[in-house]
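See below for the structure under consideration.
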């Protein structure tokens, strides 16, 4: 089968490099790229069907100011929860991963994510320093029971 492929001017240098590297097997490179593209799209469709998506979060270290990106597959459970137990403006979000873990984010008053934690269970999250009303909300959204134990 013969097919014409049009290359944008901006991609010309990349195309020339590929021709040089591949020699006579340029069609094999296109086929490999298409297989990889199809695999990626199939994975996205599978995740979407299960209610999951690719989530990318930028986390900034409050001490150094440097940031890094973290990516996982999951679904948001709670976004920008404002607890009555912490300073106004600080929010918490939670996502449920495809592997059944709970990702928790804390954003500062400027909306910058400064904390990223992963928990295996609601019990582990409950034992953390996150606000108890947030933990209860996450448990509720995940259909799990959460009882706050008081020492009164």
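Distance between Cα centroids, the range 1-38 to the range 75-152: provide it in whole Å.
Using only Cα atoms, the two centres lie 46 Å from each other.
In the Gaussian network model of the chain, springs joining C-alpha atoms below 10 Å, which of 112, 64, 121 carries the largest mean-square fluctuation?
64
Which one of 30, 72, 15 has the biggest mean-square fluctuation once the chain is modelled by GNM with Cα springs under 10 Å?
In this elastic network of the chain, the residue with the biggest mean-square fluctuation among 30, 72, 15 is 15.
At residue 147 and residue 85, where each label point lies 7 Å from the Cα along Cα→Cβ, what is the point-to-point distance in nanometres?
Result for the modelled spin labels: 1.7 nm.
Hey, got the Cα dimensions of the range 55-141 along the principal axes, in Å, largest first?
33, 30, 19
Among 101, 39, 75, which one shows the highest mean-square fluctuation when the chain is modelled as a Gaussian network with alpha-carbon springs under 10 Å?
Residue with maximal mean-square fluctuation among 101, 39, 75: 39.
At 7 Å along Cα-to-Cβ for each site, give me the label-to-label distance between residue 121 and residue 39 in nm.
In this crude spin-label approximation the distance works out to 3.6 nm.
On full extension of the chain, what length is gained from residue 110 through residue 68, given 0.36 nm per residue of separation minus the C-alpha to C-alpha distance?
Contour length minus Cα-Cα distance gives 13.4 nm.
Among [x] 2, 10, 21, 25, 24, 13, 4, 1, 0; [y] 2, 10, 20, 23, 20, 14, 7, 3, 1, 0, 0; [z] 2, 8, 13, 15, 13, 10, 8, 8, 7, 6, 6, 3, 1, 1, 0, 0, only one was calculated for this model; which label is it, if the read-out is P(r) over Cα pairs in 5 Å bins from 0, in percent?
Only one option fits the structure, namely [z].
No lab work stands behind these numbers, since they all come straight from the coordinates. Since the structure is predicted, the reported quantities are computational estimates derived from the model, not experimental observations. With ideal geometry, Cβ positions are generated from the backbone for all residues, glycine too; neighbour counts draw on all protein chains shown.
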